[in-house]
Structure formats: structure tokens, C-alpha cells
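**Student:** Below: one structure in C-alpha cells.
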Amino acid sequence: MPGNKRIIIGISGASGAQYGIRLLDACTSLPVETHLVISKAGEITIVQETDYAVSDVRALADHNHKSMDIGATIASGSFQTAGMVIAPCSIRSMSEIATGVTSSLLTRAADVTLKERRKLIITLRETPLHTGHLRSMMQLSEMGAIIAPPVPAFYTKPKTIDDIVDQYVGHVLNLLGIDNDLGREWKGLRNS
């Protein structure tokens, strides 16, 4: 990884595909090498929720991996990364990762990220949550994952949905230690 960071971006079938797409798009202008894996349900969601074709989303990544290719580089701990973001993350994907019983490359790569003690950011996109969901979130947090639902920050005074998405994606990049100018930093209260 000379001169840049390498991250894995997963897009699962939860609503909110725009978060993963914007993260990929933002990384095209940053010193970041991206490895993308989209679940089958994620492909459906991209088509349903956005104006992107799946091929357009794949074109934003430096490297693409098929969802069932468990022999891919990102399935091994020897493949060095700065971490992984699943944006959005479905309850099913989250539950597979929490139990360690993975059925796809997306959840296997997340499991490897945790076992190697790298940053795993889970953009859980579901509400309301029942106790089982909360227990899985607690399990993942105890295992070292960062649970970061895409909750808007209104101190930025967003005017569009893109403003909300950008602020969140900027925050995720900050969590990975990647400098960016997408989100506004809180400057404290203004005194009159």
C-alpha cells in the first residue's frame, strides 16, 4: 500500500445504498485504494433506490470482488487494509458477522477485519430494533466493531439529502483516519 490506504467497502441489501456509493465516489479523489464487494441483495437495492446501474457503482472502485468469491484477496488476513465499511449494512449481514457464521465474501471479509483487529464500521440501516438486533450490535461492539448508523447531524444545517449523505460519509472517512472535506467539523457554540 505505498502512498495510500487500502479499504474494503461492502454494500449489502439494506436501504441506503447511496451511502456506499458516495463513499466510493469520495475515495476516487483521495489517496485510498478501494476494494468493493456488493451482496446480491445490495445489487437489487442499488437499482431500486438510485439512478446508478450496478456496473456504474463497480466502476467507482479500484478493485471489485464477487459476493460469492470466498477465495478473493479480501478474504485473507494477510491482505493488509486500513479497515472495512459496510454501507449500508443489513440486519442479516450484521447478524452473520456477529456470530462468525458467514455465507458470503462480504461477511467473510468483515469477519477477517475483526479477527485481524482492524477497523470495521457497520452502517446499520434498520429501525426500529428489537432486542436480538441490539444484542448482535453489542456483540459486535465488544468484538471491536464500530456501530455507526447513518444518523444526520443537523448542526451542519443540511439543505439537501446529498448534504446529509456527504456529512455522514465524511464522518466515516474520519473514523478510518482518512482526511477529507465532506463534513463540517463542530466548532463549538458561538458566544454572542
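The values are calculated or read from the model by the stated rules, or taken from the named source; none is laboratory data. Keep in mind that this is a model prediction, so the values were computed, not measured. All Cβ positions, glycine included, derive from the backbone under ideal geometry; neighbour counts span all protein chains shown.
**Student:** Which one is nearest to Ser78 (Cα to Cα) among residues in the range 116-138 that are aliphatic (A, V, I, L, M) and out of contact with any Ser or Thr (no Cβ under 8 Å at 6 or more places or on another chain)?
**Tutor:** The qualifying residue nearest to Ser78 (Cα to Cα) is Ile121.
**Student:** Now for a different question. Which pairs do you get when a residue that is of a type in the set (D, E, K, R), found in the range 12-29, comes within reach of a residue that is part of a loop (DSSP other than H, G, I, E, B) and crowded, with 23+ Cβ neighbours inside 10 Å, reach meaning Cβ atoms under 8 angstrom, with the pair 6+ apart or on two chains?
**Tutor:** none
**Student:** Kindly state which helices (runs of 4 or more DSSP H) lie completely within the range 1-110 and contain at least 2 residues that are closer than 23 Å to Asp179 by Cα and touching a Ser or Thr at 6+ places or on another chain (Cβ under 9 Å).
**Tutor:** Qualifying helices (runs of 4 or more DSSP H): 17-27.
**Student:** Applying the selection to the range 41-72, what residues are hydroxyl-bearing (Ser, Thr, Tyr), closer than 10 Å to Leu105 by Cβ and loosely packed, with under 15 Cβ neighbours inside 10 Å?
**Tutor:** If the condition is that a residue be hydroxyl-bearing (Ser, Thr, Tyr), closer than 10 Å to Leu105 by Cβ and loosely packed, with under 15 Cβ neighbours inside 10 Å, then no residue fits.
**Student:** Within the range 113-151, track down each residue that is in a loop (DSSP other than H, G, I, E, B) and surrounded by 13 or more Cβ atoms within 10 Å (Cβ to Cβ).
**Tutor:** Within the range 113-151, Glu116, Arg118, Arg125, Glu126, Leu129, Gly144, Ala145, Ala148, Pro149, Pro150 meet the criteria.
**Student:** Determine, yes or no, whether Ala110 is touching a strand residue (DSSP E or B) at 6+ places or on another chain (Cβ under 6 Å), surrounded by 11 or more Cβ atoms within 10 Å (Cβ to Cβ), at pLDDT 95 or above and at negative phi.
**Tutor:** In short, yes.
**Student:** Would you check which residues across the range 73-95 are closer than 11 Å to Leu140 by Cβ and either basic (Lys, Arg) or surrounded by fewer than 22 Cβ atoms within 10 Å (Cβ to Cβ) (or both) and list them?
**Tutor:** Selection gives Ser95 alone.
**Student:** Please verify whether Ala59 is without any contact (Cβ under 8 Å) to a residue 40 or more places away in the chain, of a type in the set (Gly, Ala, Ser) and either more than 28 Å from Pro128 (Cα to Cα) or touching a Pro at 6+ places or on another chain (Cβ under 9 Å) (or both), treating the condition exactly as stated.
**Tutor:** It is true that Ala59 is without any contact (Cβ under 8 Å) to a residue 40 or more places away in the chain, of a type in the set (Gly, Ala, Ser) and either more than 28 Å from Pro128 (Cα to Cα) or touching a Pro at 6+ places or on another chain (Cβ under 9 Å) (or both).
**Student:** Here is a check on your reading of the model: is Thr156 polar (S, T, N, Q), in contact with a Gly (Cβ under 8 Å, 6 or more places away or on another chain) and surrounded by 13 or more Cβ atoms within 10 Å (Cβ to Cβ)?
**Tutor:** yes
**Student:** For the range 14-58, name all the residues that are small (Gly, Ala, Ser) and over 23 Å from Thr81 (Cβ atoms).
**Tutor:** Once the filter is applied, which keeps residues that are small (Gly, Ala, Ser) and over 23 Å from Thr81 (Cβ atoms), the range 14-58 yields Ser15, Ala41, Ala53, Ser55.
**Student:** Under 9 Å between Cβ atoms, which residue pairs at least 6 apart in sequence (or on different chains) link something in the range 154-183 that is at positive phi with a partner that is crowded, with 16+ Cβ neighbours inside 10 Å and among the basic types (Lys, Arg)?
**Tutor:** Gly177/Lys5; Gly177/Lys119
**Student:** Give the number of residues within the range 160-192 that are assigned to a helix (DSSP H, G or I) and either exposed (fewer than 15 other Cβ atoms within 10 Å of the Cβ) or of a type outside the set (A, V, I, L, M, F, W, C) (or both).
**Tutor:** Summing the residues that are assigned to a helix (DSSP H, G or I) and either exposed (fewer than 15 other Cβ atoms within 10 Å of the Cβ) or of a type outside the set (A, V, I, L, M, F, W, C) (or both) in the range 160-192 gives 10.
**Student:** On to the next question. Report the residue count in the range 61-106 for those that are in contact with a strand residue (DSSP E or B) (Cβ under 9 Å, 6 or more places away or on another chain) and at negative phi.
**Tutor:** Matching residues across the range 61-106 total 30.
**Student:** Answer with yes or no whether Ala87 is closer than 25 Å to Asn174 by Cα, touching a residue at least 12 places away in the same chain (Cβ under 8 Å) and either charged (D, E, K, R) or touching a Pro at 6+ places or on another chain (Cβ under 6 Å) (or both).
**Tutor:** No.
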